[in-house]
Amino acid sequence: MPKVKVDGVELEVPVGATVLQACELAGKEIPRFCYHERLSIAGNCRMCLVEVKPGPPKPQASCALPAAEGQEIRTDSEMVKKAREGVMEFLLINHPLDCPICDQGGECDLQDQSVAYGRGTSRFHEHKRAVTEKYMGPLIKTTMTRCIQCTRCVRFSEEVAGVDEIGALYRGENMQITTYLEKAATHELSANVIDLCPVGALTSGPYAFEARPWELKKTLAIDVSDAIGSNVRLDSRGREVLRILPRVNDDVNEEWLSDRGRFLVDGLTRRRLDKPWLRRDGKLVAASWAEAFDAVAKINPGSSVAVIAGDLVDCETMFAAKALAGALGSSLLEGRQTGLAYDCSNLAAVNFNSTLAGIEEADAVLIIGSMVRDEAPLLNTRLRKAVKKGAKVFIVGPHWDPTYPATFLGDDLAVLGDLPADVVAAFEGAAKPAVIVGGAGLAKGGREAALALSERFNIVREGWNGFNVVHMAASRMGGLMLGYAQKGGIADLIAAKPKMVISLGADEVDFTKFADSMIVHIGHHGDKAAHAADVILPAAAFSEKDGTYVNTEGRVQYGEKAVFAPGEAREDWTILRAMADALGVTVGFDSFEQLRAAMVAAVPALGTEGLADYGALPAAPAGVKPEGAIAGYPIKDRYLTNAIGRASPTLQRCSAELIHGEAQAEAAE
């Protein structure tokens, strides 16, 4: 490891580190605009200048200069100070004085660094140049006159998202950043450029002029739009969440967030259920809580009760419903709303065992029935990294654009029983082979075929488990840990013909198959289940309650309450506790703390944040022959996958414009 001196302090730095990284290891703050830890080095902004000896007597860009043995680095010399002031002066030549009306104000790198490293006055009096507005779609608001050409957005789109949608036109002073032919940025991670932009050139369109950062209360939460469990921050003012931003967690989402996870925020205040409703003479009418619980008590279901968990619910809600069903004498619990019925006796066989970060180390990957870009966008970025390191990817299923080189093996699962020679060679020669089964694969028996392949290619070996299942629902793994899985799936519930069906936000169920049951819907949006329900009890969304979530890799995480539920809506566990009183049974908890304690006592893994241990992978079932074609993937519209997304005007517009190609008229049109 080379030894360098930073402002007189000697330290060792890793081989391959840059001078900028060496300075940060020494505790020095180096200003930068174009440099980003997760993107390639561009070296265009020149703000990170330092003085390095031995070397030419001039300031040098620390982001692009390798740290070498014997270097003496100065970050605070007069030369460095003057150089940074000059660079900042040049950056501000054409930058407009938009701070009072710019959404970046208060969290702007240019503001902060101009105060810390700028001159305070400018010697330039020429006219500022202007750039015509660009259109980047319904999510990204552009003011490209503010752009300093750091190219972070360009590098993110090409390197992380894997799409060449943003680039530069012209040269020199006339250079402009824009999308191709000024079309919308259509990929599923497009809005991450808003976070990356160090000035106010790219800001959030739906959030424009809503609030200043110092007005907002910040709450740590978990994204429920998919099963990745991205760590997010909810920014709220009063009783409304105004925006969702990603938090850094290198094990889960790094610092990215899918567009649907970021922009479902405006769906939290629309189409909300804020009072109880009862169905009388075929029509839903508003009621009081007392009337609603009287209606539930009159059902008098005995043990003929079934509970269906939706895709967005937390573990505490599912445990409370399980306790209620158990007190009534029922064990009819199911969370796989669309009819999946895979074996859940061993959770290692339905888990993403490689871990999200670990899949980057795979050198041969077989994807069975999963359109990863829609089902788990942030898993796709990990697979891109694996491919960059030399991994070979093979896909069984209908064709889609994976943003990296991949070989499609057709949509017939029979190919898994007779793999092509190049696939066999890749897996036999792989140090860390992996198989990924998605929603369409689970529906067609792809999991059992994957277990057989695991044994054939020794996918589970010392220090590596390459057997993976990628789920799409935030509640799935937590629900499976709590027993929300019948042997025959939801068909077992239909066959049991329960008197009462409790829906925990289960908006993807075909309730026509429960025509003889009383449907009690505990949910937060007037979506599909509310139209079928006989009793509606308004509940809290994920932003309005504390809760535990388990992602597709079995990582237990905790989300906090940001705001209160609207109107008469209550937190789910309190509704279930009151239902127990109405039905005359005892569930064993009277507070959220007691509920959590009971849940952790029943399932200890839910009590500690981190990866749950599901044990060893089971043996492949004997005599299973994979066959049948995968006709399509479960997600038809990546933006409208849940009740909150379907209530969001922003995601509705994304669906209309980016998925279905509908032209969006402006106000003047």
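The values are calculated or read from the model by the stated rules, or taken from the named source; none is laboratory data. Keep in mind that what you see is a predicted model, and the values were worked out from it rather than measured. For neighbour counting, all protein chains shown are included, and Cβ atoms are generated from backbone atoms with ideal geometry for every residue, glycine included. Areas reflect the complete protein model, heavy atoms only, side chains present, ligands, DNA and RNA absent. Shrake-Rupley method; radii C 1.70, N 1.55, O 1.52, S 1.80 Å.
Over 18 Å apart at the Cα level, from the set 217/561; 283/497; 183/385, are 283/497; 183/385.
For the stretch 587-644, GluC sites (Glu not before Pro) are listed when DSSP marks them as loop and at most 11 other Cβ atoms sit within 10 Å of their Cβ; the list is 609.
In this structure the chain gives 41 Å² per residue of accessible area when probed at 1.4 Å with all protein chains present. Centre-to-centre separation between the Cα atoms of the stretch 1-66 and those of the stretch 286-305: 67 Å. Put simply, the amide H of residue 466, placed in the peptide plane, has neighbours under 5 Å in 460, 461, leaving out anything fewer than 5 places away on its chain.
In terms of Cα atoms, the Rg and Dmax of the stretch 2-154 work out to 17.2, 52 Å. Computed over the Cα atoms of the stretch 138-258, the ratio of the radius of gyration to the Kirkwood radius (Rg/Rh) comes to 0.99. For the stretch 60-134, the Cβ-based charge dipole about the Cα centre amounts to some 340 debye (Lys, Arg positive; Asp, Glu negative; other atoms uncharged).
Note on the stretch 223-328: Kirkwood radius taken over Cα pairs, Stokes-Einstein applied at 4 °C and 1.567 mPa s, translational D equal to 75 µm² s⁻¹. When each of the peptides 90-101, 346-357 is scored by the mean number of other C-beta atoms lying within 10 Å of its residues, the order from highest to lowest reads 346-357, 90-101.
Placing unit charges on the Cβ atoms only, positive for Lys and Arg and negative for Asp and Glu, gives the chain a dipole magnitude near 540 debye about its Cα centre. Ignoring ligands, DNA and RNA, please state the percent of accessible area on the chain from carbon and sulfur, probe 1.4 Å. Carbon and sulfur atoms account for 51 percent of the accessible area of the chain.
According to the square roots a ≥ b ≥ c of the eigenvalues of the Cα gyration tensor, what is the shape class of the stretch 468-536, taking rounded for a/c under 1.5, prolate for a/b larger than b/c otherwise, and oblate for the remainder? The shape class here is oblate. Over all directions, the projected convex hull of the C-alpha atoms in the stretch 315-461 averages 9.9 nm² in area.
Once both labels are positioned 7 Å from their Cα atoms along Cα-to-Cβ, the gap between residue 627 and residue 129 label points is 6.7 nm. My understanding is that a pair violates if its Cα-Cα distance is over 19 Å; which of 28/81; 82/128; 134/636; 444/625; 5/53 do that in this structure? Over 19 Å apart, Cα to Cα: 82/128; 134/636.
What FRET efficiency do you get for residue 210 and residue 168 if R0 is 25 Å and r is their Cβ-Cβ distance, rounded to the nearest 0.05? Once the sixth-power term is evaluated, E becomes 0.25. Spread over its residues, the convex hull of the C-alpha atoms of the stretch 167-234 is 141 Å³ per residue. Working from label points 7 Å from Cα in the Cα-to-Cβ sense, the residue 240 to residue 93 distance is 4.3 nm. Simple rule: put +1 on each Lys or Arg Cβ and -1 on each Asp or Glu Cβ in the chain, find the dipole, and look at 62, 529, 473; the Cα lying farthest toward the positive end is 62. Both radii are taken from the alpha-carbon atoms of the stretch 22-83; with Rh as the Kirkwood radius, Rg/Rh is 0.93. Gyration tensor over the Cα atoms of the stretch 522-669: the corresponding equivalent ellipsoid has semi-axes (square roots of 5 times the eigenvalues, largest first) of 33, 29, 17 Å. In the chain, taking the dipole from charged Cβ atoms about the Cα centre, the farthest positive-side position among 42, 90, 498 is held by 90. Magnitude of the charge dipole for the stretch 260-413, about its Cα centre and with charges confined to Cβ atoms of Lys, Arg (+1) and Asp, Glu (-1), is about 480 debye. Semi-axis lengths, largest first, of the ellipsoid equivalent to the chain are 47, 31, 23 Å, with √(5λ) applied to each eigenvalue of the Cα gyration tensor. Annotation: amide H-H contacts under 5 Å for residue 395 (H modelled 1.01 Å from N, sequence separation of 5 or more, or interchain): 367, 407, 408, 409.
Applying a DSSP loop filter and a limit of 10 other Cβ atoms within 10 Å to the chymotrypsin sites (Phe, Trp or Tyr not before Pro) in the stretch 168-208 leaves 170. Here residue 388 is the anchor, and the lysines within straight C-alpha reach of less than 19 Å, apart from those fewer than 8 places off in the same chain, are 432. Once the Cα-Cα distance is subtracted from the 0.36 nm per residue extended length, the residue 85 to residue 181 segment shows a gain of 30.9 nm. For the stretch 219-252, the list of trypsin sites (Lys or Arg not before Pro) that fall in a loop by DSSP and count at most 15 other C-beta atoms within 10 angstrom reads 239. Think of the stretch 174-235 as having a plus end and a minus end, set by charges on the Cβ of Lys, Arg, Asp and Glu; of 222, 199, 178, 199 sits farthest toward the positive end of this dipole. Taken along the Cα-to-beta-carbon direction at a fixed 7 Å, the label points for residue 274 and residue 594 span 3.1 nm.
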